[in-house]
Amino acid sequence: MLSKRLIACLDVRDGKLAKSVRFVNTKDIGDPVEKAREYYADGLDELVFYDITASSDKRAIMLDVVEAVAKEVFIPLSVGGGVRSVADATDLRLAGAEKINVNSAAVARPALISECAEAIGNQNVVLSMDIRQVPKSDNCPSGYEIVINGGRTPMGIDGLAWALQGERLGAGELVVNAIDADGTRDGYELKLTAMIAEAVRIPVIASGGAGKPEHLKEALTTGRADAALVASMVHYGDYRVSELKRWLHREGVKMRMSW
Amino acid sequence: MADPIVIIDYDAGNLRSVQRACAEVGADAVISNDPVRVKAASRIIFPGVGAAGSAMASLRRNGLADALRSAVDDGKPVLGICLGLQISLRHSEENDTETLGLIPGETRRFRLDRPELKIPHMGWNEVRPIQPHPLLDGIEPGDEFYFVHAYYPAPEDQACVYARTTYEDDFAAAVGRGNYFGVQFHPEKSGRVGLSLLDRFTRWDGQC
């Protein structure tokens, strides 16, 4: 049987590792290539780089980071942050990214999803969605709303409807990032994750809020996610990747246990 | 001088990850769409992701289909990966495509009853060798490889099946005949166990 995946997300700004708490006050915590190497050796199943570089003239640094990591890390590598065109996606793929994450630019122009799917294959296009809980309304009947710009701009788009539209447009996978939970370490938004995972036929990655191994188990069982994304709980050395996988395995979650 | 390893480039996805993985195990590999270089190679990797229809059209247009057939006939070690394995069979349900026919059988789309199982089959899954092969040496029970595919190889002759994997049902994860060997998973994305398989391929004499 297919294993559940443990994915680590590295936020990168100007070529350096950063981790945001509620997307505000990011602080540098090290070299992304070194971290990638460490997690790979420790049994990580998949790696995501998210480029949060603000100035466009420094964006090329990300390609160098991806290139350096791809030379040493032989698991799927997913890259996102600021992907606005097929050309952006193709550049990252040539540098060594397997999958491309699209987010804000796809909200602004949904055709970006289908264009990328056509150019690099559905299975390589990941739609990353930042979602917050809101009162149910005509615009947002699911009670969840899409936000962009790291959570600062609400879009008045229903979270569930956007997930379904993303699947129709050709996304091969969805990242459900709960903005309310991001960086809190209080646990994933299980209701949101399960709602989307039940509605689509493509894999769903739970994101935002992981702080304890129990949270990962919840996301992969009741949350119905195919993969759990972690960041701060491994970046700061509180947990090792291998330790999380062993714990999940002991708890009966199917994980890849030899690496 | 013959190229040590040629990775066949036929507009079927990004092949540099395969090249990087070869470099990691100490093997020089060139990416080429030149049939002359393919014929001159000492060994060939035939990777690929994407659709069978356009892949076959590209192989035929560039003269690569014939070059690959003659390399297989000459006894050169050939490793098919993912789509490269699928189009080594006779026919693919994907785009109803006549494929290379190096191995009798066809490529079928997953038809799954359990709604929680997604298509494509994407992620890490166990590969269980069912008969010995030099390229599968050292694979231990529980070793998992990375898969991304919606279609799977179904060879006619079960003697060609070297390893199986279970999604809803079992399917052939490794298929071989003589100097040809194909894997449905991606060794270049499968960590240490995948790199070991590539390493064994770079030293394989094509006998099994």
Worksheet item: Contour minus end-to-end for A:Asp186 and A:Asp138, with contour as 0.36 nm per residue of separation and end-to-end as the Cα-Cα distance?
Response: 14.3 nm
Discussion item. Just want the answer: with Cβ charges of +1 for Lys and Arg and -1 for Asp and Glu, which residue in B:Trp124, B:Ile45, B:Leu85 is farthest toward the dipole's positive end in region B:1-131?
Written reply: B:Trp124
Worksheet, complete the sentence: Net charge near A:Asp42 (other residues with Cβ under 10 Å of its Cβ; Lys, Arg +1; Asp, Glu -1) is +1
Fill in: Cα-based shape type of region B:56-208, given that a ≥ b ≥ c are square roots of the gyration tensor eigenvalues and the cut on a/c is 1.5
oblate
Discussion item. Please give the charge dipole size of chain A, origin at the Cα centre, charges +1 on K and R Cβ atoms and -1 on D and E Cβ atoms. Round to the nearest 20 debye.
Written reply: 420 debye
Worksheet item: What accessible area, in Å² to the nearest ten, does a 1.4 Å probe give for A:Ile157?
Response: 50 Å²
Worksheet item: Label points 7 Å out from Cα along the Cβ direction at A:Thr222 and B:Glu24: separation in nm?
Response: 3.8 nm
Worksheet item: Shape call for chain A from the C-alpha gyration tensor, a ≥ b ≥ c root eigenvalues: rounded (a/c under 1.5), prolate (a/b greater than b/c) or oblate?
Response: rounded
Response to the item:
For B:Asp74, the net charge from surrounding residues (Cβ-Cβ under 12 Å; K, R +1; D, E -1) works out to +3
Response to the item:
Treating only Lys and Arg (+1) and Asp and Glu (-1) as charged, each at its beta carbon, one finds that region A:114-252 has a dipole about its Cα centre, in Debye to the nearest 20, of 400 debye
Response to the item:
Here the net charge surrounding A:Ser3, from other residues whose Cβ is less than 12 Å away from its Cβ (Lys, Arg +1; Asp, Glu -1), is -1
Practice prompt. Once you have a ≥ b ≥ c as the square roots of the Cα gyration tensor eigenvalues for region A:55-168, tell me rounded if a/c is under 1.5, and otherwise prolate or oblate according to whether a/b is larger than b/c.
Written response: prolate
Response to the item:
Mean-square fluctuation maximum in Gaussian network of chain A, Cα pairs under 10 Å, restricted to A:Ile120, A:Ile131, A:Ile146, hits A:Ile120
Item to complete: Report the dimensions of the protein assembly as shown along its three principal axes from the alpha-carbon atoms, largest first, rounded to Å.
Response: 67, 48, 40
Response to the item:
In short, region A:107-138 residues buried by 30 Å² or more of accessible area relative to the isolated chain (1.4 Å probe) are A:Gln123
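The values are calculated or read from the model by the stated rules, or taken from the named source; none is laboratory data. Just so we're clear, the structure is a prediction, and the values are computed from it rather than from any experiment. For neighbour counting, all protein chains shown are included, and Cβ atoms are generated from backbone atoms with ideal geometry for every residue, glycine included. All accessible areas refer to the heavy atoms of the entire protein, side chains included, with ligands and DNA or RNA removed. Shrake-Rupley method; radii C 1.70, N 1.55, O 1.52, S 1.80 Å.
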